[in-house]
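Participant: Right, I'll just put the structure down here and ask away after.
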């Protein structure tokens with residue numbers, strides 16, 4: 001009996017020299033009528049809050065309309081004015097009046113702002129992701145428009161060509177809206193939104209920020225060369241526009257999930273508690 005058990009153990013301990021070939025499934029081509037796999041949908045990076053977004057867009061549009069309709073009535077005109085009171089950083093630009101630079105700035109701003117949503121549409125196609133991008137883009141421009149127009153009318157700084165005595169500027173409300181530069185602020189805001197969206201959707205990208213800064217800065221140079229703005233107008237506009245172009249989309253990122261409720265604190269108090 002012991003010998004039989006020993007033989008059985010010996011038999012089970014013998015290793016077979018031939019190792020079985022692992023199963024490898026063969027890949028057969030799919031039939032011609034087989035449905036194609038669904039394409040991945042573009043990742044949505046923003047969450048809209050239409051109860052806030054729509055009023056902001058309306059206010060921005062209204063600010064632009066007020067400027068068009070009531071500019072001359074709202075602006076305080078106090079020139080002829082002397083360039084002696086201008087700070088040394090800006091005084092040297094008083095006699096700049098390049099019409100070519102003015103046309104180039106207008107063309108660049110309007111073409112770039114129109115092209116950005118079209119490029120986004122080409123990349124995403126019609127859908128929820130593109131619609132959210134468009135609302136964020138328009139809202140950033142609307143906030144920028146409202147802020148720049150309010151500042152223009154409050155400060156009422158004469159333009160360089162107004163200081164130079166250009167009759168077309170001295171007697172017009174537009175000649176007293178130098179601070180800060182609207183074209184420049186709008187360009188920086190729109191291009192910052194585009195760069196920020198590219199970063200959030202496709203990962204860290206340096207080139208959109210570089211290209212955007214280059215284009216918007218060229219508009220600033222053209223507005224100074226045309227005699228519409230001082231260098232300090234352009235510098236402030238660049239900072240404000242970039243801040244709006246980053247801040248508006250940042251506030252709409254989908255990672256922000258906020259839940260707030262009133263909760264008891266201590267024996268006799270109430271407070272706000274939530275997750276952010």
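The values are calculated or read from the model by the stated rules, or taken from the named source; none is laboratory data. Because the structure is a prediction, the values reported are computed rather than measured. Quick reminder, even Gly has a Cβ in these numbers, built from the backbone with ideal geometry, and neighbours come from all protein chains shown.
Participant: Tell me yes or no: at least one residue of the range 33-47 is within 30 Å of residue 171 (Cα to Cα), at pLDDT 80 or above and outside any loop (DSSP other than H, G, I, E, B).
Facilitator: no
Participant: Among the numbered conditions (1) under 18 Å from the mean Cα position of the chain (by Cα); (2) modelled with pLDDT under 95, tell me where residue 166 comes up short.
Facilitator: (1)
Participant: Still on this model: If residue 214 satisfies every condition in (1) touching a helix residue (DSSP H, G or I) at 6+ places or on another chain (Cβ under 7 Å); (2) closer than 27 Å to residue 250 by Cβ; (3) surrounded by fewer than 24 Cβ atoms within 10 Å (Cβ to Cβ) but one, which is the exception?
Facilitator: All conditions are met except number (1).
Participant: Would you mind finding the one in 195, 129, 213, 140 that is touching a residue at least 12 places away in the same chain (Cβ under 8 Å), touching a strand residue (DSSP E or B) at 6+ places or on another chain (Cβ under 9 Å), assigned to a helix (DSSP H, G or I) and closer than 30 Å to residue 47 by Cα?
Facilitator: Answer to the selection: 129.
Participant: Restricting to the range 160-175, what's the tally of residues that are over 15 Å from residue 90 (Cβ atoms), touching a residue at least 40 places away in the same chain (Cβ under 8 Å) and surrounded by 16 or more Cβ atoms within 10 Å (Cβ to Cβ)?
Facilitator: 6
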